[in-house]
Amino acid sequence: MKCWFCGKDAVAVSMGGKAVCRDHANVIDRICFAKSDTCTGYATYEWVHNIVLAPDEWIEWESWEGGKKVVRT
């Protein structure tokens, strides 16, 4: 498998499904995914470790409190 960006041998597949070499693999230590159940009031969390992102991929985080999106500057 070859890198999506430069054609070198790929070492990983990014979250977006692109094969990437070491030069183009951006590794994030860990991310927490949280899901709240509005019926029960309980929340579940999942930790994902060593996430690989391609250079044209990014992660956005939104915060919600009381049913409203919180914008922090």
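The values are calculated or read from the model by the stated rules, or taken from the named source; none is laboratory data. Since the structure is predicted, the reported quantities are computational estimates derived from the model, not experimental observations. Don't worry about glycine lacking a Cβ; one is built from the backbone with ideal geometry, like all the others, and counts go over all protein chains shown. Just so you know, the surface numbers come from the protein's heavy atoms only, side chains and all, with ligands and any DNA or RNA stripped out. Shrake-Rupley method; radii C 1.70, N 1.55, O 1.52, S 1.80 Å.
Out of the residues in the range 21-33 that are open to solvent by 40 Å² or more (accessible area, probe 1.4 Å) and over 13 Å from the mean Cα position of the chain (by Cα), state the one that is nearest to TRP58 (Cα to Cα).
It comes out as HIS24.
What do you reckon, is GLU57 loosely packed, with under 10 Cβ neighbours inside 10 Å and of a type outside the set (Phe, Trp, Tyr)?
So GLU57 does not fit the description; no.
Could you check the range 17-50 and list, in sequence order, the residues that are closer than 23 Å to GLU65 by Cβ and of a type in the set (Asp, Glu)?
Of everything in the range 17-50, those that are closer than 23 Å to GLU65 by Cβ and of a type in the set (Asp, Glu) turn out to be ASP37, GLU46.
Restricting the range 1-20 to residues that are surrounded by 18 or more Cβ atoms within 10 Å (Cβ to Cβ) and closer than 11 Å to PRO55 by Cα, which is nearest to the chain's Cα centre (by Cα)?
SER14
The conditions are (1) more than 30 Å from VAL13 (Cβ to Cβ); (2) open to solvent by less than 100 Å² (accessible area, probe 1.4 Å), and THR38 fails exactly one of them. Which is it?
(2)
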